[in-house]
Amino acid sequence: MWYQLELGAWTGSKSSLDIAKGWMKKCDTDHQDCHSYKQQVKSDKSPSRLLSLGSVTSPHLQLCDENLGHVEYATLSHFWGTNMILKLVTSNIDAMKKAIDPEDLSPTFRDAVAVCRHLGLRYLWIDSLCIIQDSAQDWQYESSRMHSVYSNAILNVCGTAANPQGLFVERKNEHVHTGPILVDWEGVCQGVYFCMPEGVWIDEVHHSPLNERGWVLQERLLSQRNLHFGENQLFWECQQHTACELTPDGFEGEMRPEPYTQKVLSLKHGKSMVNYYANDEDDTNDEDDTNDEDDTNDEDDTLSSYAIWDMIVNKYSNSKLTFGEDRLIAVSALARHCQTHLGLEGEYLAGIWSRYIPYQLLWETDVNVHGERQRGYQAPTWSWASMDDLVYYPCEIEYADERDVLIQVKDWKIDLVSADQYGQVSGGHITISCRLAKVVVCADTTEWDHPKYDLKVDLDCFVPTKGKFQKDTMFEGSSDTLVVDLYQNLVVIPVRKDLFLEKEVKKYPCWHGLVLRPVEGKDGTFERLGKYTMEDDEALFEQAFADFDMRAEESGWSLSRMERRAICIP
């Protein structure tokens, strides 16, 4: 294991960039996982435009859009900010083809050019300089090709610290020394030790300002490898290796990043995710393992691929977008990749997949931070993409054979804005066959930032339930004064059932379902209000299901009491 005992004062130094060059060389020669990913995503098409950089000894800078052929190029992930001096627009295309003055570039762009030249890369793709910013047609076309642009780049340079002064920073002294420290304390194993800041990957990469941006997630995950310029040092991540300048050979032991913080898009990584959340420590966090193809089967691969999508959506839903209408567009390249290369089956339906729809309806918002739906229409209410906040369990598939599912999906329809099936939508619905019970919700908003919602079954009187209702958003009209409101004419539908274990002694039935409210003027049509988990109330809900059937028949909704009822959810 190689440790850097002392780092230079500047992250743009030759010694720092030489470490990055070493990472690239090792990745090219030794990493089978990286080679496999490169072959998997390989395309003969180069981006529509690239910046030609020349070299260290013969520098030049110009925009190229003709006869590019198949060339090696880097991409840049960056925080746009407010100091974007130069952008590509229709009026300056011809001038930029002739030459670009480096002084017209932002500090981050100039540093990215310097990095590429040092690493021997002659071409660079930057979104604001390679997509015509005042052409909606060009933006729509190029955004649909993001998957190819980033996955085929030889390297993605990341302005991870989002420093307006550029990629390169002067280091803070307390972060540049690791030792050695001679330990001769009683009760401690004697020897020479090296120190590392605790949680350095989480703090400087996973929770970095750049990686909080929605568009950046697919840039980071799709890229073959990322070179991060952090607050104090450089970081590396590819399909098989994570490292920093202080430990160029990689993180060891407790320092290794958890699977959910890494960039890898592979079934192997999906298996690690499944094992991680199942507390199977033996199969997680091992960078040097090879693919255990003999130990997997089709069901394992299926669950692994959906585990990756679950991780993607959970992370993405907690990121920031400048424009709400980009909610589905900014993750479309990842959706395309997951279906093409990871085997996610069926149609893509505004953020979920037509296989395993029931499981994907059971996402929920943060219990302490009631979310908001997107302003303006972005997605159907049953999709996580309709929310503007963090969601949990967006694609948690329990059983590949759906043995615990209680509903039947009859059909679906999605209205697309463009020809891109992974892009923006203007409408959509699903029709399901299910059981329904009439319920009400009592909303206590005495504490407006932590309201309490109690769900009660609506029989001859309101009967309290023992389960948990997690509302997607706060009810309209909530305030900081004492308000206890009653919301009626709601229904609950059970979606999947399991056994809840209490103190390892008593098991009782538990199902997870949705709370819906009717859409005015549309019989049999309901919109999502939240998620409900029933606990030890089976007899009460059986009575409520039967009561709903009786009321429905009396009102003319003529179905046998034993049949499931088909409802539409937009």
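Of the residues Met255, Met311, the one with the largest accessible area comes first in the ranking Met255, Met311, computed with a 1.4 Å probe on protein heavy atoms.
Note on Phe323: accessible area approximately 120 square angstrom, rounded to 10, probe 1.4 Å, nucleic acids and ligands left out. Applying a threshold of 22 Å to the alpha-carbon distances of Lys315/Lys531; Lys21/Lys320; Lys14/Lys45 flags Lys21/Lys320; Lys14/Lys45 as lying beyond it. Annotation: amide H of Asp249 within the under-5 Å range of Trp2, sequence separation 5 or more or interchain, hydrogens built in the peptide plane. Per-residue SASA remark: Ser36, around 50 Å² accessible (1.4 Å probe; ligands, DNA and RNA not included). Put Arg403, Arg496, Arg551 in order of accessible area, highest first, and with a 1.4 Å probe you get Arg403, Arg551, Arg496.
Measuring only protein heavy atoms, the 1.4 Å probe finds Lys87 accessible over about 80 Å². Model label sites at Gln133 and Ser43, defined 7 Å from Cα along the beta-carbon direction, differ in position by 2.4 nm.
The Cα center of the range 180-252 and the Cα center of the range 96-159 differ in position by 26 Å.
Using the Karplus relation 6.51 cos²θ - 1.76 cosθ + 1.60 with θ = phi - 60°, the per-residue 3J(HN,Hα) values for the range 53-67 come to 9, x, 9, 4, 7, 9, x, 8, 8, 7, 8, 10, 9, 9, 6 Hz, with x marking Gly and Pro.
For Arg373, the residues whose modelled amide H falls within less than 5 Å of its own, excluding neighbours fewer than 5 places apart on the same chain, are Asp388. Peptide packing: for 351-358, 412-419, the average count of neighbouring Cβ atoms within 10 Å per residue gives the ranking 351-358, 412-419, highest mean first.
Does the range 21-110 come out rounded, prolate or oblate, given a ≥ b ≥ c as the square roots of the eigenvalues of its C-alpha gyration tensor, rounded meaning a/c under 1.5 and, failing that, prolate meaning a/b above b/c? It comes out prolate by the Cα gyration axes.
Please compute the per residue accessible area over the range 341-452 with all protein chains in place, 1.4 Å probe, rounded to a whole number of Å².
Value for the range 341-452: 41 Å² per residue.
Computed from label points 7 Å out along Cα-Cβ, the spacing between Tyr508 and Ala539 is 1.0 nm. Beta bridges from DSSP with both residues in the range 120-261: antiparallel share about 80 percent, rounded to the nearest 5.
The listed residues Arg528, Arg373, Arg256, once ranked by accessible area (1.4 Å probe) with the largest placed first, stand as Arg373, Arg256, Arg528. Across the range 386-450, Cα pairs under 8 Å and at least six residues apart give a relative contact order of 26 percent.
The values are calculated or read from the model by the stated rules, or taken from the named source; none is laboratory data. Not measured: the values here are computed from a predicted model. Backbone-built Cβ (ideal geometry, glycine too); neighbour counts: all protein chains shown. Note: areas computed on protein heavy atoms with side chains; ligands, DNA, RNA excluded. Shrake-Rupley method; radii C 1.70, N 1.55, O 1.52, S 1.80 Å.
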